[in-house]
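Chemist: Supplied in structure tokens, the structure appears directly below.
Every number in this text was worked out from the coordinates using simple rules, so none of it is lab data. These numbers come from a predicted model, not from an experiment. Virtual Cβ from ideal backbone geometry, glycine too; neighbours counted across all protein chains shown.
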Amino acid sequence: MKAMPAVLVTVMMAYTSGAEPSLSEAPGPSQDALTVPTAWEYTVALITPERRDSELSVAQKDPTFVFHEGRWHVFMTVKLPQRTAIEYCAFERWDDANKAPRTIPRLSNSRYYGAPQVFYFVPHKKWYLIYQMGVPVAKKMWVAYSTTSTIADPLSWTQAQPVLDGGAEDPRVEGGLDYWIICDDQRAYLFFTSLNGKLWRMWTKLEEFPKGFDHCEVALRAAIFEASHTYRLKGGEKYLTIVEENGRRYCKAYLADRLDGVWTPLADTAEKPFAGWKNIRPAKGVEPWTDNVSHGELIRDGVDQTMTIDPGKLRFVFQGILERDKTGRDYGQFPWRIGILTPARGTMR
């Protein structure tokens, strides 16, 4: 299988205003190759914990979303006092996101389920939510799924069912976390990380999804940690994986010609990341609130299982925090917030 040829990392001339970017407009022309922005600008924190009388959230994290019928539908992990769950909100404009009502879909009685991914699976004509879930009797976390035909109704999702159940017949070599589905025209692929420098890959026939995953193999060995997200690049049959590194969090990027192919580094160091403290800055008028770029998802060109992005219109929705705000806290108490990165003009000052 051929490795992806080297891609020139260049400045992307793009949005520079401090105002919220227009994210629901019709997509522009696609590019055949991806160029990594030399610099990104971030918005204010657009989704923060909701003020409410019970189950106060510590953090809003792991965003996944689609733009459907004029609204953004966002699912995210919410860290509550006695449990971790998935929370939902919907809105027309990102600058109204924090005012949108929140709902916790009734997916499971587990005290831990999160790290969601949402997409429309065309063959079934259903929305799928993929997520990780703790089950006391399982040796590994469930790769769980729920479905609905009405994404705008957060209470319509089915109860959690296993893609992989963590039992004796589970083909995963390592349990891993941050599960991600992407499909081509023949297979559904499952990618996940295991916190030890490995990106894992499994697959099933498209007609057998969400069951039948096997062929568990290491897709990539590198200095990587968690939260891998894989996309098809619009305009060709090439693929991008973004994956997070530990410590002060930043995101690396890898390219491949095929989902079962070899991943080649595109931006894989702290000095030259896909997105990290070396190449992000607040937009005009925004007070600094993050120097970490963690568990982000690119805005897609569509809603289906191919996870297609337009490389000419990069927007990165991510969870952030200032490094100093981690001091004295366990990871589960980090006050993550959600914002958007947009490519900026010029180089970092």
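Chemist: Calculate the spin-label point distance for ARG258 paired with SER149, positioning each point 7 Å from the Cα along the beta-carbon direction, and give it in nanometres.
Modeler: 3.7 nm
Chemist: Which entries of LYS99/LYS238; LYS99/LYS198; LYS140/LYS205; LYS79/LYS252 have Cα-Cα distances beyond 30 Å here?
Modeler: Values: LYS99/LYS238 38 Å; LYS99/LYS198 39 Å; LYS140/LYS205 23 Å; LYS79/LYS252 26 Å.
Violating the 30 Å Cα-Cα cut-off are LYS99/LYS238; LYS99/LYS198.
Chemist: Taking square-rooted eigenvalues a ≥ b ≥ c of the alpha carbon gyration tensor, is segment 171-256 rounded, prolate or oblate, where a/c under 1.5 means rounded and, failing that, a/b exceeding b/c means prolate?
Modeler: Numbers: a/c = 2.41, a/b = 1.28, b/c = 1.88.
Since a/c reaches 1.5 but b/c is at least a/b, the shape of segment 171-256 is classed as oblate.
Chemist: Of all the stretches in the chain, which is the longest one without any exposed loop site, taking GluC sites (Glu not before Pro) in a DSSP loop (any state but H, G, I, E, B) with at most 15 other Cβ atoms within 10 Å?
Modeler: Numbers: sites that count: GLU25, GLU55, GLU69, GLU92, GLU169, GLU174, GLU237, GLU271.
Segment 272-349 is the longest.
Chemist: If I model a spin label as a point 7 Å beyond the Cα along the Cα-Cβ vector, how far apart are those points for TRP277 and GLU55 in nm?
Modeler: Label at TRP277, label at GLU55, 3.4 nm between them.
Chemist: Rounded to whole Hz and in sequence order, give me ³J(HN,Hα) for segment 325-334 from the Karplus expression 6.51 cos²θ - 1.76 cosθ + 1.60, θ = phi - 60°, writing x for Gly and Pro.
Modeler: 7, 7, 4, x, 10, 6, 4, x, 10, 5
Chemist: Please give the length that would be gained between GLU207 and ASN246 if that part of the chain were fully extended, namely 0.36 nm times their separation in residues minus their C-alpha to C-alpha distance (nm, one decimal).
Modeler: 10.4 nm
Chemist: Another question, if that's okay. Assuming 0.36 nm per residue, please report the length gained on full extension of the stretch ASP325 to VAL173 beyond their Cα-Cα distance.
Modeler: That pair, ASP325 and VAL173, stretches by 51.2 nm at full extension.
Chemist: A further question on this structure: Nearest 20 debye, what's the magnitude of the dipole of segment 145-274 about its Cα centre given +1 on Lys and Arg Cβ and -1 on Asp and Glu Cβ?
Modeler: Details: 15 positive and 20 negative charges, 92 e Å.
Using only the charged Cβ atoms, the result is roughly 440 debye.
Chemist: Looking at the chain, what % of its DSSP beta bridges pair antiparallel, to the nearest 5? Display every interim value, and only then the final one.
Modeler: Details: 81 of 88 bridges.
The antiparallel fraction comes to roughly 90 percent.
Chemist: Another question about this same structure. If you place +1 on the Cβ of every Lys and Arg, -1 on the Cβ of every Asp and Glu, and leave all else neutral, what size is the dipole of segment 40-343 about its Cα centre, to the nearest 20 Debye?
Modeler: 480 debye
Chemist: Now for a separate question. Going by how many other beta carbons lie within 10 Å of each one, how would you line up HIS68, HIS124, HIS295, fewest first?
Modeler: HIS124, HIS68, HIS295
Chemist: Assign one of three labels to segment 99-139, namely rounded, prolate or oblate, based on the Cα gyration tensor with a ≥ b ≥ c the square roots of its eigenvalues; rounded applies when a/c is under 1.5, prolate when it is not and a/b is larger than b/c, and oblate otherwise. Kindly include the intermediate steps, with their values, before the conclusion.
Modeler: Numbers: a/c = 2.62, a/b = 1.24, b/c = 2.11.
Note, shape of segment 99-139 comes out oblate.
Chemist: Taking the Cα-to-Cβ direction at ARG345 and at ARG106 and moving 7 Å from each Cα, how far apart do the two end points lie in nm?
Modeler: 5.3 nm
Chemist: Does segment 296-349 classify as rounded, prolate or oblate by the C-alpha gyration tensor (a ≥ b ≥ c root eigenvalues; a/c under 1.5 gives rounded; else a/b over b/c gives prolate, otherwise oblate)?
Modeler: Here segment 296-349 falls in the oblate category.
Chemist: Could you identify which residue out of GLN186, GLN132, GLN159 has the top mean-square fluctuation in a GNM of the chain using Cα springs shorter than 10 Å?
Modeler: Among GLN186, GLN132, GLN159, the largest mean-square fluctuation in the Gaussian network model of the chain belongs to GLN186.
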